[in-house]
Amino acid sequence: MKNILVTGGAGYIGSHTVKELIHQWFHPIIFDNLENGKVINQSGSEFYQWDLRNIEDIEGTFIKYSIDAVIHFAAYASVPDSVDFPDKYYENNLNWWLNLLNAMNKYKVKKIIFSSSASVYGEPQSERIREDHPKNPTNPYGHTKLLFEQILHWYHIAYGISSISFRYFCASGASKDGSLGELHTPETHVIPCAILTALGIRKEFNIYGDNFPTPDGTGIRDFIHVEDLASAHVMGLQKLDDNICEQFNLGIGKGFSVKEIIESVQRISGNQLNTVLSPRRKGDPSILIAENQKIMSFMDWKPQYINIDDIVSTAFQFFKKYYEN
């Protein structure tokens, strides 16, 4: 079994990817400081509460295990928070990531899958965004993702480190069996916030702006199910054998507005949401929809969840079960 180091493996996308790795007979080594994650015991994996700030923690992992590849999720990941506190984002999302990359090079680990973001593009210049779309991030979070993609390019040239950067659109949903889901403190993502309002956990749902240049005035996003994200990462491990440095969009290729999300949550929950119109958040683009043909032609991957009600339903069942218990 190949040993895969998963940084941020206790987080939302990381834990789903660990589950898929185990299912596909890999041995995940989870590395997480639990600042934004939660320990989830998954048989077949190992967990260490370590920190990328500590070079000894990182090197200790490479010394103890023969690591075949790294999947790197660990990051600060709030767009508005990055606008308010850019220093925190540049320190964590670059300096600490470099600690990992330099340890990989030192211990001859030459394969990494990087959790990037569609926020590298900034305000879209076309309805569907291809990988060669201009990169002009509108917030420090997106800028750190773009900078690290560029660092990976130069490490590939200099040190032969093979990499795939997956530019996520909006990760969403929960595992089909209800064992894993999205739990953030505080929660800022649109689908969980809407569901928590429908369940009465939150008093109101904030619509951040209704004056976007979109059909209903609210922002439009491409929501990709977390299990589809996880499967892409595991499939991508095989492609790292080809000594590549590539970037791929991960999205379903169509978008849904905030109001459409509200309508979906109301249909599935049977409850009306108490909505409040709030000012637009700093750094929020109007529309983000993926052109995903590049990844589908590169490997045998395509999204399985393309209906918004199917995506929302998995998240709703997870939250309902979580708060009932």
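Test A103 against the criterion of being touching an Asp or Glu at 6+ places or on another chain (Cβ under 6 Å), small (G, A, S) and at negative phi, and give yes or no. When the stated conditions are applied, A103 passes them.
Listed here are the residues, each with its yes/no results for (1) small (G, A, S); (2) touching a His at 6+ places or on another chain (Cβ under 8 Å); (3) at positive phi.
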{"site": "K110", "(1), (2), (3)": "no, no, no"}
{"site": "N139", "(1), (2), (3)": "no, no, no"}
{"site": "G142", "(1), (2), (3)": "yes, no, no"}
{"site": "Y155", "(1), (2), (3)": "no, no, no"}
{"site": "R167", "(1), (2), (3)": "no, no, no"}
{"site": "L180", "(1), (2), (3)": "no, yes, no"}
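A search for C-beta distances below 7 Å between a residue of the range 286-306 that is part of a loop (DSSP other than H, G, I, E, B) and any residue that is surrounded by 15 or more Cβ atoms within 10 Å (Cβ to Cβ) and among the acidic types (D, E), counting only pairs 6+ apart in sequence or on different chains, returns I289/D222; P303/D228; Q304/D228; Y305/D228. Scanning the range 158-201 for residues being surrounded by fewer than 22 Cβ atoms within 10 Å (Cβ to Cβ), charged (D, E, K, R) and either in contact with an Asp or Glu (Cβ under 9 Å, 6 or more places away or on another chain) or under 27 Å from R130 (Cβ atoms) (or both) gives a total of 1. Scanning the range 228-238 for residues that are modelled with pLDDT of 95 or more and either among the β-branched types (V, I, T) or over 22 Å from S119 (Cβ atoms) (or both) yields a count of 4. Mind listing just one residue for me: the one in the range 239-260 that is in contact (Cβ under 8 Å) with a residue 60 or more places away in the chain and polar (S, T, N, Q) and, of those, nearest to A118 (Cα to Cα)? Within the range 239-260, the match that is nearest to A118 (Cα to Cα) is N249. So which pairs qualify, if the first residue must be in the range 173-193 and within 18 Å of I262 (Cα to Cα) and among the charged types (D, E, K, R), the second must be crowded, with 17+ Cβ neighbours inside 10 Å and at pLDDT 90 or above, the Cβ gap must be under 6 Å, and the two must be at least 6 apart or on different chains? Close Cβ pairs satisfying both conditions: E182/Y12; E182/P192; E187/C193. Against the test of being among the hydrophobic types (A, V, I, L, M, F, W, C), free of Cβ contacts under 8 Å to residues at least 60 places away in the same chain and farther than 17 Å from G181 by Cα, the options F26, F62 yield a single qualifying residue, F62.
Being modelled with pLDDT of 95 or more and hydrophobic (A, V, I, L, M, F, W, C) is true of I29. Quick one: is H225 touching a helix residue (DSSP H, G or I) at 6+ places or on another chain (Cβ under 6 Å), touching a residue at least 60 places away in the same chain (Cβ under 8 Å) and over 18 Å from S119 (Cβ atoms)? So H225 fits the description; yes. In the range 309-318, the qualifying residues are those that are surrounded by fewer than 22 Cβ atoms within 10 Å (Cβ to Cβ) and not polar (S, T, N, Q), and the one that is farthest from S257 (Cα to Cα) is D310. Checking E204, E149 one by one, the residue that is over 27 Å from S15 (Cβ atoms), of a type outside the set (S, T, N, Q) and surrounded by fewer than 20 Cβ atoms within 10 Å (Cβ to Cβ) is E204 and no other. Is it the case, given these coordinates, that N274 is over 24 Å from A77 (Cα atoms), in contact with a strand residue (DSSP E or B) (Cβ under 7 Å, 6 or more places away or on another chain) and in contact (Cβ under 8 Å) with a residue 24 or more places away in the chain? So N274 fits the description; yes.
The values are calculated or read from the model by the stated rules, or taken from the named source; none is laboratory data. All values reported here derive from a predicted model rather than from experimental measurement. Don't worry about glycine lacking a Cβ; one is built from the backbone with ideal geometry, like all the others, and counts go over all protein chains shown.
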